[in-house]
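What follows is a set of notes on a single structure, which appears directly below.
The values are calculated or read from the model by the stated rules, or taken from the named source; none is laboratory data. These figures come from a predicted structure and were not determined experimentally. Ideal geometry is used to build each Cβ from the backbone, glycine not excepted, and the neighbour counts take in all protein chains shown. Ligands, DNA and RNA are stripped out before the accessible areas are found, and what is left, the full protein with its side chains, is counted by its heavy atoms. Shrake-Rupley method; radii C 1.70, N 1.55, O 1.52, S 1.80 Å.
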Amino acid sequence: MLKLSCNVTNHLHTFFFSSDSSLFIPVNRRTIAVSSSQPRKPALDPLRAVISADQGSISPVNSYTPADRFRAGRLMEDGYSYKEKFIVRSYEVGINKTATVETIANLLQEVACNHVQNVGFSTDGFATTLTMRKLHLIWVTARMHIEIYRYPAWSDVVEIETWCQSEGRIGTRRDWILRDSATNEVIGRATSKWVMMNQDTRRLQRVTDEVRDEYLVFCPREPRLAFPEENNSSLKKIPKLEDPAQYSMLGLKPRRADLDMNQHVNNVTYIGWVLESIPQEIIDTHELQVITLDYRRECQQDDIVDSLTTSEIPDDPISKLTGTNGSATSRVQGHNESQFLHMLRLSENGQEINRGRTQWRKKSPR
């Protein structure tokens, strides 16, 4: 029997941080506190797991941190997926008193980070395997796809389940399912794809068998997808948006708060920048239902970014960009537009940072 822990292991779970495009970083937020003077003991210890390589079984190791008293999360019985509950706080909602898509993205990255800690990883090394750290290899996000069927409201409790698995020979994948904790209703799903990069050369690299063997022990034995439907929208290719765009917001600059510990712009900032060039008429009457982002280039503190948006409707009658000074203004004819193409680019040279697609639905009457 081979026992694994966070310090000595031949099988490490390799997921969920990118120090390149830095798309998932820890978030300063609290999960639901457990009202107990002593740490409660879940079905599996939330920080360490012992794996039997010959039997594939998982059992807990008695090791706790102070955070365990407050974290409402646990590994599932099979040891491959992780669930955690979060309460939506007042500073995480928008004008409709429902969580913003940025809040949802923050929760996804938080639960993923807690998952990798639960299977025995520390956050130094950004969820990389022992072999990856020796070779200076890191994970970077290639694609993120989020679908929200109903936004949770202020004080709602959301339970998020997450797991990871192999994605062919070139990377890994992480999926999520979001549920209303009170009703168990599925209110959202998400998936992401990751590839491996050399931290020194900034070049992509194939996932070797040695690295693959280190993380597969923590992946489901059979493929499990948050979006099992054939031809689902998470697989849909995003075409490059060409100029002139219908809407734009020019000259966006990262704030210090937008940077992660590696001085790269984080995932949630990309989402916010994409939405900056959506016309106000859509924001007033619609809510975001689906967002898909393909990450193509990293963004750093000194970069200036342009956000471009065009309605993805054939023969669309909307007039071309009329605003000036970087304003996202344009005359919108009607309120039936529901799908847009997006591009983030470097202002200096036009190099593409990110391309995306969003789908919007009309807001429900109050």
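Brief remarks follow.
- Of the residues Phe340, Phe70, the one with the largest accessible area comes first in the ranking Phe70, Phe340, computed with a 1.4 Å probe on protein heavy atoms.
- Point-to-point label distance, Thr201-Arg296, nm (Cα→Cβ direction, 7 Å offset): 2.3 nm
- For the residues Glu185, Glu147, Glu77, a 1.4 Å probe over the protein chains yields an accessible-area ranking, largest first, of Glu77, Glu185, Glu147.
- For region 65-208, with +1 on Lys and Arg beta carbons and -1 on Asp and Glu, the positive-most of Ile146, Thr128, Gly79 along the dipole: Thr128
- Residues Ser307, Ser90, sorted by accessible area with the largest first, give Ser90, Ser307 [1.4 Å probe; ligands and nucleic acids excluded].
- Signed unit charges on C-beta, dipole axis of region 113-272, positive-most listed residue Leu235, Ala190, Leu250: Leu250
- Computed with a 1.4 Å probe over protein heavy atoms only, the accessible area of His136 comes to about 90 Å².
- Pairs from Lys193/Lys236; Lys193/Lys237; Lys134/Lys237; Lys193/Lys240 whose Cα-Cα separation, in the structure shown, is over 23 Å: Lys134/Lys237
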